[in-house]
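The values are calculated or read from the model by the stated rules, or taken from the named source; none is laboratory data. Quick caveat, the model's predicted, so the values are computed rather than measured. Every residue, glycine as well, gets a Cβ built from its backbone with ideal geometry; the counts of neighbours run over all protein chains shown. Keep in mind that these areas ignore ligands, DNA and RNA; they rest on the heavy atoms of the full protein, side chains included. Shrake-Rupley method; radii C 1.70, N 1.55, O 1.52, S 1.80 Å.
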Amino acid sequence: DLNNLEIQEGAWLTLLHPTTGVPTDIRIHLAGTDSQRYRDFERKVSNRRLKQAFRRGSPRHVVTREELDEEAIDLLVICTLDWENMVEAGKEQECTAENAKRIYTEHVWIREQVDAFVGDRSNFLSS
């Protein structure tokens, strides 16, 4: 029954220590690939690229690796709903878009875990 396979808007990821794999006390509440916010961002990026590619009278824009990385981080920022126990240099970090972008940029191991979690639909299926 499809009603038994309902996708939740958000789910909690518990970050794992980057070298030991032991769960930390840091949790991030994330939206997945089926969420409206994810789909809206993907649509916006696709539309922007299409407009650039088909603009008459201007050179076609080649997407750089840096642009792809920035878009990927921006997508994860959009999917970040909240977090708990995000402490940096002894200070609790508020869950804001600016902080999320900075943390995902500076701490690749966090970005990798968030990206994998967001992309796994099974994390968002109601049980």
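Overview of results
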quantity: Matching residues in the stretch 71-119 - criterion: being under 15 Å from A11 (Cα atoms) and either without any contact (Cβ under 8 Å) to a residue 24 or more places away in the chain or of a type in the set (A, V, I, L, M) (or both); calculated: L76, V77, I78, L81, V114, A116, V118
quantity: Qualifying position, being under 10 Å from the mean Cα position of the chain (by Cα), among the hydrophobic types (A, V, I, L, M, F, W, C) and open to solvent by 60 Å² or more (accessible area, probe 1.4 Å), among A116, A89, A100; calculated: A116
quantity: Qualifying helices (runs of 4 or more DSSP H) (wholly inside the stretch 29-117; at least 1 residues being among the acidic types (D, E), within 30 Å of T19 (Cα to Cα) and modelled with pLDDT under 95); calculated: 65-79
